[in-house]
Amino acid sequence: MEQTESLVSTIVKGIQEKKGSNIVVADLGGIEGAICHNFVICQGGSPSQVEAITESIGEMARKDLQERPAHVVGLENAHWVAMDYGDVMVHVFLPEVRQYYDLEHLWADAPLTSIPDID
């Protein structure tokens, strides 16, 4: 569990490094049938920022923890990129796409932690 917490923390650092905003961590550990332990959800203001956030997360996880995602999907249009780290799934959205899919409410039973934006 400590390794998962370190990964979530490193992912958040990677998001903040590229000024990703509205970061929410959903703890799915207590939900039966959940596909992972945590969702980390954030947004970027443009497709290029979504791509930069994704690259920053990957680089920090690789450098700090020697972790690599099993899969990364969505980079071709960078409106919604999903990164699969096994116990942690990362979702980087454009704001309107995030609002449409509303993942935070899909997992309404999960405790949600909002991370303040860095100015």
Quiz item: Of all accessible surface on region 1-61 at a 1.4 Å probe, what whole percent is carbon and sulfur?
Solution: 43
Quiz item: Taking Cα pairs under 8 Å and at least six residues apart, what relative contact order does the chain come out at, in percent?
Solution: 33
Quiz item: Quick one: which of 38-47, 68-77 comes out on top by average Cβ neighbours within 10 Å, and what's the full order, highest first?
Solution: 38-47, 68-77
Quiz item: When the dipole is taken about the Cα centre of the chain, and only Lys, Arg (+1) and Asp, Glu (-1) are charged at their Cβ, what size is it in debye, to the nearest 20?
Solution: 280
Quiz item: With Rg and the Kirkwood Rh both taken from Cα atoms, where does Rg over Rh land for the chain?
Solution: 0.93
Exercise. Arrange the residues D84, D109, D117 by how much accessible surface each exposes, largest first, with a 1.4 angstrom probe.
Key: D109, D117, D84
Quiz item: With the other protein chains left in place, how much accessible area per residue, in square angstrom, belongs to the chain at a 1.4 angstrom probe?
Solution: 56
Practice problem: Specify the residue with the greatest mean-square fluctuation among Q49, Q66, Q16, computed from a Gaussian network of the chain linking alpha-carbon atoms under 10 Å apart. | Solution: Q66
Self-check item: Counted charge near V24, where neighbours are those whose Cβ lies closer than 12 Å (Asp, Glu -1; Lys, Arg +1)
Solution: -3
Exercise. Between beta-carbons, use under 14 Å as the cut-off and find the net charge around L75, counting Lys and Arg +1, Asp and Glu -1.
Key: -4
Exercise. Using the charge dipole of region 1-116 (Lys, Arg: +1 at Cβ; Asp, Glu: -1 at Cβ; taken about the Cα centre), state which of Q99, P111, P47 has its Cα farthest towards the positive end.
Key: P47
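The values are calculated or read from the model by the stated rules, or taken from the named source; none is laboratory data. This is a predicted model, so every value here is computed, not measured. With ideal geometry, Cβ positions are generated from the backbone for all residues, glycine too; neighbour counts draw on all protein chains shown. When the accessible area is computed, the model is the full protein with side chains, heavy atoms only, and any ligands, DNA or RNA have been set aside. Shrake-Rupley method; radii C 1.70, N 1.55, O 1.52, S 1.80 Å.
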